Amino acid sequence: MPPKTDRKELDEPTKNQIIGMKMAGQSGRNIAIQLGLVQSTVNRIIKHHMISGSVKNNLRPGRLQKLSKRDHRHLLMNVKKNRRLTLQEITKEIPSQPSLSTIHRTLHDANLNNRIAIKKPFICARNQAKRLAFALKYQHLTVEDWKHILWTDESTFEIGKNTQQVRIWRSSSERYNTACITPSFKSGRTSVMVWGCFMWGKLGPLVILSKDQRFDSKKYVNILEEHLLDFWMEQSEEIGYVVFQEDNSPIHTSKLAKQWRESMDIQSLQWPPNSPDLNPIEHIWYILKTTIQKMEPRPMTIPSTIAAIRKAWNKLDVNILNNLVESMPDRLAAVIQAKGGNTKY
């Protein structure tokens with residue numbers, strides 16, 4: 001049998017067989033011939049066993065680490081200090097000038113991966129306390145209780161807008177940390193503004209707001225008078241009572257709007273500030289905007305955008321509405337867990 005080249009590491013059973021044959025009095029040459037191995041390999045294994053008493057390999061030092069402990073510490077510190085750095089910018093900060101792959105691998109090993117930043121409103125400590133108080137107050141309500149809430153909100157649809165994504169470095173557990181989100185502020189150019197409402201099992205009216213008129217408290221009260229009132233009365237007669245929900249926008253909290261609600265004997269839910277995550281209608285706006293962005297061709301004019309919004313609104317599945325209402329206990333629990341901070345909703 002011709003001897004093997006022995007380019008691959010011998011397994012331990014073969015090494016133990018070599019040692020056994022040697023202890024039985026056979027020479028290295030005979031062992032190599034019988035096992036079909038190179039004699040130098042057999043002799044090396046026998047010598048290693050005589051010195052160490054084992055056939056196991058010595059620990060190999062491996063390739064020297066490109067990053068020192070100090071470099072590794074500063075790398076993680078710099079990334080957590082400025083999570084929007086690119087991989088190239090991060091690498092330039094390291095004096096030893098490692099490769100991009102080394103930096104990427106080191107960050108990955110530290111559970112830091114480049115991900116899209118979640119857009120969430122900035123919440124100050126005072127508003128966090130108010131959100132937490134709201135969640136604690138209503139945490140014991142059941143889904144049956146939430147079925148009596150009439151959810152309302154306004155939203156804007158910018159014509160031809162494509163969502164811009166911001167990438168940051170974070171671990172999987174840091175998704176909603178303040179340093180890892182992209183704050184969304186109530187600003188920006190609007191193209192089409194809408195007002196809508198819904199309840200458990202019922203999709204309410206959708207109102208396209210005029211772009212030529214300023215949307216103030218008077219205009220808002222007109223919408224409630226002309227579009228909300230009939231829907232509210234119908235639902236009140238059907239299920240017994242309806243509680244009106246709206247956020248803390250100045251037009252909602254204005255004296256005129258408050259007087260109108262009181263005159264109609266409409267009970268309102270006291271809403272915490274900076275809490276779009278608690279209002280399930282926000283998810284409906286997300287569905288509508290996603291649907292419109294995926295349209296081919298995408299609406300690029302005001303009339304076509306309005307038509308697309310109405311079409312997407314009217315096609316909403318009632319099961320989606322119900323699932324959103326059913327999520328309220330979980331939303332409150334998430335706010336409590338976050339101590340009033342941002343949640344996944």
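The values are calculated or read from the model by the stated rules, or taken from the named source; none is laboratory data. Keep in mind the model is a prediction, meaning the values are calculated, not measured. Methodologically, a virtual Cβ is constructed for each residue, glycine included, from the backbone with ideal geometry; neighbour enumeration extends over all protein chains shown.
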Going by what's in this entry, would Asp145 be described as in the same structural domain as Ile223 (by TED's automatic domain parsing) and surrounded by fewer than 18 Cβ atoms within 10 Å (Cβ to Cβ)? yes
Gln270: at pLDDT below 95, of a type outside the set (Asp, Glu) and loosely packed, with under 13 Cβ neighbours inside 10 Å, yes or no? yes
Subset tally (residues that are closer than 18 Å to Glu262 by Cβ, in a helix (DSSP H, G or I) and out of contact with any Cys (no Cβ under 7 Å at 6 or more places or on another chain)) for segment 219-250: 10
Spot the failing condition for Ile281; the list is (1) surrounded by fewer than 18 Cβ atoms within 10 Å (Cβ to Cβ); (2) touching a strand residue (DSSP E or B) at 6+ places or on another chain (Cβ under 9 Å), and only one is missed. (1)
Of the candidates Leu67, Leu76, Leu107, Leu85, the one satisfying the condition of being surrounded by 14 or more Cβ atoms within 10 Å (Cβ to Cβ) and under 30 Å from Asp277 (Cα atoms) is Leu85
Kindly check whether there is at least one residue in segment 298-305 that is at pLDDT 95 or above, in a helix (DSSP H, G or I), assigned by TED's automatic domain parsing to the domain that holds Ser210 and not aliphatic (A, V, I, L, M). no
Taking the stated definitions as given, is Met295 in a loop (DSSP other than H, G, I, E, B), touching a residue at least 60 places away in the same chain (Cβ under 8 Å) and surrounded by fewer than 18 Cβ atoms within 10 Å (Cβ to Cβ)? no
Conditions first: (1) closer than 30 Å to Gln128 by Cα; (2) more than 30 Å from the chain's Cα centre (by Cα); (3) of a type in the set (A, V, I, L, M). Ala307 passes all but one, so which condition is the exception? (1)
Over segment 197-223, the set of residues of a type outside the set (Val, Ile, Thr) and under 23 Å from Lys255 (Cα atoms) is Cys197, Leu209, Ser210, Gln213, Arg214, Phe215, Asp216, Ser217, Lys218, Lys219, Tyr220, Asn222
With (1) at pLDDT below 95; (2) touching a strand residue (DSSP E or B) at 6+ places or on another chain (Cβ under 8 Å); (3) assigned to a helix (DSSP H, G or I) as the list, and Thr290 as the residue in question, which single condition is left unmet? (2)
For segment 323-342, which residues satisfy the criterion of being touching an Asp or Glu at 6+ places or on another chain (Cβ under 8 Å), in a helix (DSSP H, G or I) and not small (Gly, Ala, Ser)? Arg331, Val335
